[in-house]
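Working notes, structure below.
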Amino acid sequence: MTTYRTNAGPHDPRERLAELTDAWRRETSNVHVLVELALLEEELRELDGARKHFRALLLLRLDGTSLTQADVFCHLATIELLAGDVPKARAMAERALAADATHARAREILGR
């Protein structure tokens with residue numbers, strides 16, 4: 001999956017996280033900023049923030065972004081795996097498959 005870039009931004013991921021957090025607070029309807037913020041938080045293992053922001057993405061239209069609803073559920077499954085909550089991870093992966101029965105990462109998480 002590719003990431004939508006609002007701009008080149010700082011090269012330090014923590015600075016980029018601060019920039020994206022500020023941008024999202026100023027414009028909470030900007031789904032592209034929210035996608036990038038959630039992906040960066042997941043990459044940096046900021047699990048609480050990533051979980052919160054991926055859940056928020058489930059309530060928004062993802063048209064024009066790099067993610068599908070199945071992708072969002074799969075990211076949530078990955079976050080739950082990282083947090084050590086396997087039952088929640090499996091439930092999120094099942095929801096990803098309900099949205100897209102061919103989603104490879106969700107199938108991988110479920111061992112299918």
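Values in this text are rule-based calculations from the coordinates and carry no lab data. In this text the structure is predicted, and so the values were computed from the model without any measurement. Cβ: placed from backbone, ideal geometry, glycine included. Neighbour counts: every protein chain shown.
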Worksheet item: What number comes out for the charge environment of Arg26, summing +1 per Lys or Arg and -1 per Asp or Glu over other residues with Cβ under 15 Å away?
Response: -3
Worksheet item: Using the Cα atoms as the points, what is the convex hull volume per residue of the chain in Å³?
Response: 97
